[in-house]
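First the structure, in the form of structure tokens, and then the observations on it.
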Amino acid sequence: MRSQHSRLGRGVLGLVAAGSLVAGLAACSSGDSGSGSGGSGGSDAASAVDCNVGISMPTRSLERWINDGEGLKKILDDAGCTTDLQYADNKTDQQISQLQNQIAGGAKILVVAAIDGDTLGPVLEEAEKQDVTVIAYDRLINGSAAIDYHTGFDNEAVGALQAGYIVDQLGLEDGAGPFLFEPFAGSPDDNNARYFFSGAWDVLLPYVESGQLEVPSGKAPASNDDWASIGILGWGSDDAQAEMENRLSSFYTGDEKVQVVLSPNDSLALGIEAALKGAGYAVGQDWPIVTGQDADKANVQAILKGEQAMTVWKDTRVLRERTAEMIASIVAGEEPETTTEFDNGATTVKSYELDPEVVVKDDVQTKLVDSGFVKASDVGL
Ligand code: BGC
């Protein structure tokens, strides 16, 4: 006889195909006692794996991680899984001790968006010893053989989309320029940041070298490997603002105006935009192209006001659904569906990778509002 968990898994997969993951999970768990985080989903002896899931997110300070953590927890809770959701305030030690507690508390699956991908090795190896399945969520984790799966977006494509937008808008392929340009990179401890940068720099570095993009601050890495030299640790808006203020006041003299800024994500873009405002830049006059990533509400508002040119949108609702689907397969003792795999330096990690897409002002209604990703009223539409 198949267990609750096996039914959970098969049900999820069937219903995902029918496009109703949440309802499907809930229906599958109807024989269980609860809908909350203490549901009895983990108690069936015949299960391949108990549906007892520790969710470890980096910080509550960014909108996307709140949505990611709470959204995934809700799908799993509705299915009767046991869940524990923790946020680590962007502190690695805190994330390690939260993971230790989740392992000690009986988690059989860990979903981890790592703050520092390089420092979680020992705690995840402890998880592996206890037969806990580890899913690296959104952020790749390198150097640990304890990582079983990854779900996320194509990180290099994020950077390539930002850079491609810059190339098109400025007409760089037609030889236009020179343009004054300032590149930024993400947090040096986040493994994704390297790939965002290399995706962008593969496209933009040739134009820096040709002189079509001039970097007055000199903060233009000579190669992709030097990206961390311009990284903003912790992805903080305030730090990005301080860095941009410093570049503008120290390197832009006379009539010089920055014309284009590569910002790897929306939290940095907000800080960069605040620095531009502070330095007297005005939309419609001398405001530069600023890129972003995530489609956070404040940045969608900035796009509508013309302060941010674009964002790379990652539909994290789909990411959560794919992750829940992966969990359902693991619980059922089946091999999860994956689309690719990567070598993390210690093992080959199977990954379900999703495609990001560009959102500009004209797309806000059609892509973000109509799909329900943001509410019109939240972004002032
Ligand atoms: C995520 C981005 C996010 C950044 C800062 C990255 O790992 O992929 O979506 O903007 O972290 O939290």
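The values are calculated or read from the model by the stated rules, or taken from the named source; none is laboratory data. From a predicted model like this one, the values you see are computed outputs, not experimental measurements. Note that each Cβ is placed from the backbone with ideal geometry, even for glycine, and that neighbours are counted across all protein chains shown.
Since residue 213 meets every condition but one in (1) touching a strand residue (DSSP E or B) at 6+ places or on another chain (Cβ under 7 Å); (2) outside the structural domain of residue 71 (by TED's automatic domain parsing); (3) within 16 Å of the ligand (Cβ to nearest atom), which condition does it not meet?
Among (1) touching a strand residue (DSSP E or B) at 6+ places or on another chain (Cβ under 7 Å); (2) outside the structural domain of residue 71 (by TED's automatic domain parsing); (3) within 16 Å of the ligand (Cβ to nearest atom), the lone unmet condition for residue 213 is (3).
Residues that are outside any strand (DSSP E or B), of a type in the set (A, V, I, L, M), out of contact with any Lys or Arg (no Cβ under 9 Å at 6 or more places or on another chain) and at pLDDT 95 or above: does segment 216-224 have at least one?
yes
Specify which of the listed residues (239, 296) is within 16 Å of the ligand (Cβ to nearest atom), touching a helix residue (DSSP H, G or I) at 6+ places or on another chain (Cβ under 6 Å) and not assigned by TED's automatic domain parsing to the domain that holds residue 68.
Being within 16 Å of the ligand (Cβ to nearest atom), touching a helix residue (DSSP H, G or I) at 6+ places or on another chain (Cβ under 6 Å) and not assigned by TED's automatic domain parsing to the domain that holds residue 68 holds for just one of 239, 296, which is 296.
Within segment 319-331, identify whether any single residue is within 20 Å of residue 70 (Cα to Cα) and part of a loop (DSSP other than H, G, I, E, B), and answer yes or no.
The answer is no; no qualifying residue exists.
Would you mind finding the one in 104, 79, 88, 48 that is more than 22 Å from residue 322 (Cβ to Cβ) and more than 14 Å from the ligand (Cβ to nearest atom)?
The match here is 104.
Restricting to helices (runs of 4 or more DSSP H) lying wholly in segment 55-161: which have 2 or more residues that are closer than 19 Å to residue 351 by Cα and free of Cβ contacts under 8 Å to residues at least 60 places away in the same chain?
121-129
Which condition from (1) more than 16 Å from the ligand (Cβ to nearest atom); (2) assigned to a loop (DSSP other than H, G, I, E, B); (3) buried (at least 21 other Cβ atoms within 10 Å of the Cβ) is the one that residue 264 breaks?
That leaves (1) as the condition not met.
Restricting to segment 178-194, and then to whatever is buried (at least 24 other Cβ atoms within 10 Å of the Cβ) and within 13 Å of residue 216 (Cα to Cα), can you tell me which residue is farthest from the ligand (Cβ to nearest atom)?
Among those that are buried (at least 24 other Cβ atoms within 10 Å of the Cβ) and within 13 Å of residue 216 (Cα to Cα), it is 181.
Here are the criteria: (1) closer than 30 Å to residue 85 by Cα; (2) more than 13 Å from the ligand (Cβ to nearest atom); (3) in contact with a helix residue (DSSP H, G or I) (Cβ under 9 Å, 6 or more places away or on another chain). Tell me which single one residue 166 does not satisfy.
Failing condition for residue 166: (1).
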